[in-house]
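The next block holds one structure in the form of structure tokens; read it before the comments.
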Amino acid sequence: MTIETAIAETPSAGSGAWTLQAFLGEIEHFGTHTALLAVKGGAVESWTFAELANCARRLAGGLLREGVGPGEPVLLMGRGSPDWVVVRLALGAVGALAVPCDHFATAEEVSRLLRDSGCRRAFAAPEHVALLRGLAEGADLTIHLLEATEAEGAEESWRRLLAGAPAALPALSAEAATVLVYTSGTTGAPKDFTLSSANIHANVAGLVAEGLVGPEDRILLPLPLHHVYPFVVGLLVPLAGGAAVIFPEGLAGPQIAEALRRGGATGIVGVPRLYAALVANLEAQMAARGRLAALLFGRLLALSVWLRRRFGWHAGRVLFRPLLARIGPKLRLLVSGGAALEERLIWQLEGLGWTVRNGYGLAETASTFTGNLPGRERIGSEGQPFQGGELRIAEPGAAGVGEIQLRGPNVFAGYRDNPVANRQAFTEDGWFRTGDLGCLDADGFLLFKGRQKELIVLGGGKNVFPDNLERAYGASPFIEEIAVLEHRGALHALVRPNDAAIRESGTLRIEDSLRVALGSVGQHRASHERLAGYAIVREPLPRTRLGKYRRFLLPELYQQALSGDIDRKPVELSATDRETLSHPLAGQVWDLLNKRYPQRPFGLDGSLQLDLGIDSLEWVTLSLEIERRLGIGLDEAELAEVYTVRELIEAVQRAAKRTDGRAPAQRKVVAEADRRWIEPGHLGHRLLAITLFAVNRLLMRLLFRVKREGLSGAPPMGPLVVVANHVSDLDPLVMAAVLPFRTLRRVYWGGDVARLFAGPVRRFFCRALHIFPVDERAPAASLALAEAVLKRGDALIWFPEAWRSPSGELQQFLPGIGTLVERSGASTLPAYIDGAFEAMPRWAKVPRLHPITVRFGAAQPAEVLRGGSDDGAAEHITAALRERVAGLAGRAEPS
């Protein structure tokens with residue numbers, strides 16, 4: 001029988017009771033044609049349709065012999081593989097209720113699933129056996145191994161259940177439940193429900209009838225099969241159409257790329273993040289070849305997109321033929337689901353020469369409900385319903401946007417044992433309420449707008465969909481991930497930076513790069529869409545396996561990130577890392593860092609800024625510590641090129657091998673050219689300073705009713721560092737308004753050299769106001785200026801948080817303040833600025849009138865803050881100062 005004949009004889013959507021048992025008969029007609037390919041360890045394992053159907057029937061016979069029958073829940077936990085497919089089809093053939101579980105599920109999640117489903121039998125990968133056995137619910141669980149080797153207990157392998165020949169199978173109903181599904185829980189606790197064979201068949205038959213794939217296709221499936229979308233669209237639809245399904249060895253980029261090439265993939269069933277990464281990787285490859293190559297690639301892609309839009313031509317197949325050949329010479333089709341695919345990204349993929357098929361659906365609708373299908377597609381939409389599905393927009397607003405409601409043969413019957421959820425999920429006339437918002441264009445194509453539950457309602461009634469803003473703010477190459485959330489009535493974000501891109505830009509401070517990137521996007525957004533604050537995270541943000549943010553976890557994570565209390569997991573060192581640290585000098589540097597930063601888990605590729613919190617002044621202390629302990633000096637030019645722990649170790653190793661006679665790094669002295677910034681100015685400077693300080697004091701008291709508490713007179717004479725929190729651009733003006741004039745005459749301030757010292761007018765004002773330059777590229781020189789001020793007996797105003805708090809709450813103090821106090825021996829005066837955040841938070845351009853109070857603590861000498869410690873004195877001082885400032889905040893509730 002030919003493939004064409006087999007397809008012609010495949011039952012149609014309406015040809016009777018369809019079950020996975022019947023499905024085995026359908027695919028058996030494809031005979032010796034390849035059904036499954038698994039790329040693993042450089043080899044390719046292949047199964048024909050006949051082998052797959054026969055093996056699944058034999059396993060079904062073995063299951064019946066073991067007493068497994070219709071309706072029995074059976075756990076299935078492992079990676080996508082031919083073994084997984086055989087077991088799943090066999091469970092369907094006997095009418096068992098499959099309970100697929102995430103391969104990466106936690107013990108708590110597995111325990112809940114076992115308890116809720118009532119499973120007493122499981123098919124699991126060998127690595128899950130200990131977990132299952134260790135759970136109370138797993139005590140009586142019969143476990144059969146997936147993909148077991150002889151060493152892992154082949155006697156327990158699922159293959160031991162194979163019957164000698166296919167057995168007679170029980171009669172099954174298409175309306176019976178075939179799979180138990182647990183929602184991904186993006187907005188809270190997951191709900192569970194079942195899908196019937198009829199639900200699944202509506203989608204399988206409908207998509208096969210559209211001719212998306214055929215026997216000449218090989219579809220790469222780099223998604224977990226416990227989700228409905230990969231199972232239905234990525235596995236069943238290709239098999240029903242006679243196409244082969246390819247399983248990569250893993251979900252990492254190189255493993256997917258290998259499977260594309262070795263499997264000869266013609267299509268991929270993926271999620272938006274996969275395709276975004278694909279385009280980003282191509283752009284990075286072009287950028288690595290130089291500016292000209294990147295420019296040419298961008299121009300050609302723009303031309304190809306224009307031709308695709310204007311004439312429908314796939315010019316990219318010619319323009320980018322060599323590039324496409326390296327990715328996958330036969331690749332033509334990209335299917336996307338699981339989340340909305342951005343229109344701009346679709347056009348990029350189409351411009352590169354691929355055909356993109358996307359749609360809309362939920363697990364409750366057996367995956368796809370609408371789609372952009374051959375002959376009826378509209379890029380930018382989610383397509384139209386198919387296979388008898390109906391869609392309506394309920395209670396549309398002025399723009400036609402309302403809730404998307406669905407009805408059709410693929411819609412589930414309801415949530416299990418959850419009448420409250422079912423009353424909310426269905427209308428009185430039987431339509432499924434998706435909780436999603438959208439509208440229909442003039443031709444009935446669905447335009448998805450966002451999740452109703454994820455809609456952020458801000459103060460003033462402004463509505464924001466986080467997905468849209470995340471795409472806008474996340475377009476910066478400096479941002480690896482960004483998740484937008486509501487915090488205190490305004491928009492905030494969790495940001496994971498792209499360290500490599502920031503480093504390539506030449507920017508020294510990661511926070512500055514992110515602040516500029518986010519601010520530049522915010523300038524072009526409506527005022528309510530601008531970020532009021534953000535927090536940096538190092539670990540990937542919590543997502544489902546299909547790439548959606550688990551948004552209900554974001555508020556707590558944001559609070560933890562702001563306070564610095566994120567419980568970061570210890571970094572596991574690879575064998576290569578351990579080999580690196582086996583060298584004596586590398587091990588010494590590693591031990592020094594672990595002792596100096598014991599509360600900060602890091603690896604060899606950890607960022608010295610973000611993972612260890614090393615600011616410019618801490619660099620000076622660290623380099624001196626290396627010199628003291630190891631006898632090796634590092635100069636500022638070397639330190640400027642060091643970003644990671646590994647690079648620091650390499651720099652120390654290079655310095656140890658130097659034979660050029662350079663002396664170890666010495667404490668920097670103030671250069672004559674810089675000394676003028678801390679010397680008394682001439683009469684013009686003094687008159688200008690008196691005038692500006694007097695005007696500032698008057699305005700601060702009139703507009704913000706600025707007052708001070710806890711400082712009855714002038715601070716003590718002698719070297720003094722006033723340490724204050726930093727919440728607003730008003731902070732320096734507020735501090736200048738509350739200090740006595742005789743104190744202001746001897747107070748100096750550090751200012752960013754790039755922002756404040758450009759041009760003669762700015763430099764004149766800085767000289768008058770006692771502002772000296774702080775250069776991130778020369779921390780030792782900046783520290784020397786600060787020390788010279790204190791050695792002379794004058795005072796400094798210091799904001800140890802370095803940048804304005806995004807929430808008004810006290811942030812972690814950078815360790816440079818401890819370095820300065822420890823080296824200078826100056827006394828410290830803690831201060832807490834209360835109300836400046838409400839008057840002018842970091843995102844505001846114009847202040848609003850709000851009372852501001854500065855509360856001062858008692859001045860203390862450095863010896864008290866050291867805590868009697870000589871080793872790590874700077875860290876003790878930093879922690880003590882933050883505690884004292886935090887104590888001042890606690891004297892009264894912030895207004």
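The values are calculated or read from the model by the stated rules, or taken from the named source; none is laboratory data. This structure is a prediction, so every number in the text was calculated from the model and none was measured. Please note: Cβ atoms are built from the backbone with ideal geometry, for glycine as well, and neighbour counts cover all protein chains shown. These area figures cover heavy atoms from the full protein model, side chains too; ligands, DNA and RNA do not enter into them. Shrake-Rupley method; radii C 1.70, N 1.55, O 1.52, S 1.80 Å.
Out of the range 810-833, which residues are within 30 Å of the chain's Cα centre (by Cα) and either of a type in the set (D, E, K, R) or part of a loop (DSSP other than H, G, I, E, B) (or both)?
Matches in the range 810-833: Leu810, Gln811, Gln812, Phe813, Leu814, Pro815.
Any chance the range 395-403 includes a residue that's at pLDDT 90 or above, crowded, with 22+ Cβ neighbours inside 10 Å and in contact with a Leu (Cβ under 6 Å, 6 or more places away or on another chain)?
Among the residues of the range 395-403, not one is at pLDDT 90 or above, crowded, with 22+ Cβ neighbours inside 10 Å and in contact with a Leu (Cβ under 6 Å, 6 or more places away or on another chain), which makes the answer no.
Under the condition of being open to solvent by 80 Å² or more (accessible area, probe 1.4 Å) and in contact (Cβ under 8 Å) with a residue 40 or more places away in the chain, which residue from the range 676-689 is nearest to the chain's Cα centre (by Cα)?
This residue is Arg676.
Tally time: how many residues in the range 38-54 are of a type outside the set (Asp, Glu), under 41 Å from the mean Cα position of the chain (by Cα) and open to solvent by 10 Å² or more (accessible area, probe 1.4 Å)?
Residues in the range 38-54 being of a type outside the set (Asp, Glu), under 41 Å from the mean Cα position of the chain (by Cα) and open to solvent by 10 Å² or more (accessible area, probe 1.4 Å): 9 in total.
Pick from the range 788-802 the residues that are outside any strand (DSSP E or B) and small (Gly, Ala, Ser): which of them is modelled with the lowest pLDDT?
Ala802
Are any residues in the range 457-506 among the aromatic types (Phe, Trp, Tyr) and touching a helix residue (DSSP H, G or I) at 6+ places or on another chain (Cβ under 7 Å), and if so, which ones?
Across the range 457-506, the qualifying residues are Tyr473, Phe478.
For the range 614-667, please list each of the helices (runs of 4 or more DSSP H) lying entirely inside it that holds at least 1 residues being closer than 21 Å to Lys595 by Cβ, at pLDDT below 75 and open to solvent by 40 Å² or more (accessible area, probe 1.4 Å).
Filter on the range 614-667 gives 616-630.
Just checking, how many residues over the range 251-273 are in contact (Cβ under 8 Å) with a residue 60 or more places away in the chain and part of a loop (DSSP other than H, G, I, E, B)?
Qualifying residue count for the region: 4.
Assess whether Leu557 counts as being at pLDDT 85 or above, assigned to a helix (DSSP H, G or I) and open to solvent by 30 Å² or more (accessible area, probe 1.4 Å).
The answer is yes for Leu557.
Pairs please, first residue from the range 734-757 and farther than 21 Å from Asp834 by Cα and of a type in the set (Asp, Glu), second anywhere and in a strand (DSSP E or B) and open to solvent by 10 Å² or more (accessible area, probe 1.4 Å), Cβ atoms under 9 Å, 6+ apart in sequence or on different chains.
Close Cβ pairs (under 9 Å, with a partner that is in a strand (DSSP E or B) and open to solvent by 10 Å² or more (accessible area, probe 1.4 Å)) amount to Asp752/Pro773; Asp752/Val774.
Return only the number of the condition from (1) open to solvent by 10 Å² or more (accessible area, probe 1.4 Å); (2) outside any helix (DSSP H, G or I); (3) touching a strand residue (DSSP E or B) at 6+ places or on another chain (Cβ under 8 Å); (4) on the phi < 0 side of the Ramachandran plot that Pro732 does not satisfy.
(2)
When you look at Glu863, is it open to solvent by 60 Å² or more (accessible area, probe 1.4 Å), within 27 Å of Asp512 (Cβ to Cβ) and not in a loop (DSSP other than H, G, I, E, B), yes or no?
In short, no.
Looking at the range 330-355 only, could you name the residues that are farther than 18 Å from Phe448 by Cβ, part of a loop (DSSP other than H, G, I, E, B) and touching a residue at least 60 places away in the same chain (Cβ under 8 Å)?
Scanning the range 330-355 gives Lys330, Leu331, Arg332, Leu352.
Search the range 590-608 for residues that are surrounded by 14 or more Cβ atoms within 10 Å (Cβ to Cβ) and pair each with any residue that is assigned to a helix (DSSP H, G or I) and of a type in the set (Lys, Arg) when their beta-carbon atoms are under 9 Å apart and the residues are at least 6 apart or on different chains.
So the pair list comes out as Leu592/Arg629; Gly603/Arg646; Leu604/Arg646; Asp605/Arg646; Gly606/Arg646.
Within the range 291-304, is there a residue that is assigned to a helix (DSSP H, G or I) and either in contact with a Ser or Thr (Cβ under 6 Å, 6 or more places away or on another chain) or under 24 Å from Gly211 (Cβ atoms) (or both)?
Within the range 291-304 (the criterion being assigned to a helix (DSSP H, G or I) and either in contact with a Ser or Thr (Cβ under 6 Å, 6 or more places away or on another chain) or under 24 Å from Gly211 (Cβ atoms) (or both)), the answer is no, since none of the residues qualifies.
For the range 77-84, indicate whether the set of residues that are of a type in the set (Phe, Trp, Tyr), within 33 Å of the chain's Cα centre (by Cα) and not in a helix (DSSP H, G or I) is non-empty.
No, that holds for no residue.
For the range 369-390, give me each residue that is under 17 Å from Gly408 (Cα atoms), open to solvent by less than 30 Å² (accessible area, probe 1.4 Å) and part of a strand (DSSP E or B).
Phe369, Thr370, Gly371
Suppose we keep only residues that are in contact with a helix residue (DSSP H, G or I) (Cβ under 6 Å, 6 or more places away or on another chain) and aliphatic (A, V, I, L, M) within the range 803-819. Which one would you say is most open to solvent (accessible area, probe 1.4 Å)?
Leu810
Within the range 745-764, does at least one residue satisfy the condition of being at pLDDT 85 or above, surrounded by 20 or more Cβ atoms within 10 Å (Cβ to Cβ) and in a helix (DSSP H, G or I)?
No - not one qualifying residue is present in the range 745-764.
Before we move on, is Phe693 open to solvent by less than 60 Å² (accessible area, probe 1.4 Å), of a type outside the set (Asp, Glu), touching a Cys at 6+ places or on another chain (Cβ under 8 Å) and closer than 22 Å to Glu679 by Cα?
For Phe693, the condition - open to solvent by less than 60 Å² (accessible area, probe 1.4 Å), of a type outside the set (Asp, Glu), touching a Cys at 6+ places or on another chain (Cβ under 8 Å) and closer than 22 Å to Glu679 by Cα - is not met.
Checking His144 against (1) part of a helix (DSSP H, G or I); (2) modelled with pLDDT of 90 or more, which test does it fail?
If we test His144 against (1) part of a helix (DSSP H, G or I); (2) modelled with pLDDT of 90 or more, just (1) comes out false.
Would you tally the residues in the range 523-550 being among the charged types (D, E, K, R), surrounded by fewer than 17 Cβ atoms within 10 Å (Cβ to Cβ) and out of contact with any Lys or Arg (no Cβ under 9 Å at 6 or more places or on another chain)?
Going through the range 523-550 one residue at a time, the tally reaches 1.
Just give me the residues in the range 206-228 being buried (at least 22 other Cβ atoms within 10 Å of the Cβ) and part of a helix (DSSP H, G or I), in sequence order.
Scanning the range 206-228 gives Gly206, Leu207, Val208, Val228.
Please verify whether the range 328-346 includes one or more residues that are surrounded by 15 or more Cβ atoms within 10 Å (Cβ to Cβ), more than 20 Å from Asn281 (Cβ to Cβ) and of a type in the set (Val, Ile, Thr).
Taking every residue of the range 328-346 in turn, none turns out to be surrounded by 15 or more Cβ atoms within 10 Å (Cβ to Cβ), more than 20 Å from Asn281 (Cβ to Cβ) and of a type in the set (Val, Ile, Thr).
Go through Arg767, Arg705 for me and flag whichever is of a type in the set (Lys, Arg), at pLDDT below 90 and open to solvent by 10 Å² or more (accessible area, probe 1.4 Å).
From the options Arg767, Arg705, the qualifying one is Arg767.
Within the range 300-316, identify whether any single residue is under 28 Å from the mean Cα position of the chain (by Cα), buried (at least 16 other Cβ atoms within 10 Å of the Cβ) and within 25 Å of Pro222 (Cβ to Cβ), and answer yes or no.
Yes: one or more hits.
Give the number of residues within the range 668-678 that are in a loop (DSSP other than H, G, I, E, B) and either modelled with pLDDT of 85 or more or touching a Leu at 6+ places or on another chain (Cβ under 8 Å) (or both).
2
Here are some residues: Ala35, Ala60. Which one is closer than 21 Å to Pro238 by Cα, buried (at least 19 other Cβ atoms within 10 Å of the Cβ) and among the small types (Gly, Ala, Ser)?
Ala35
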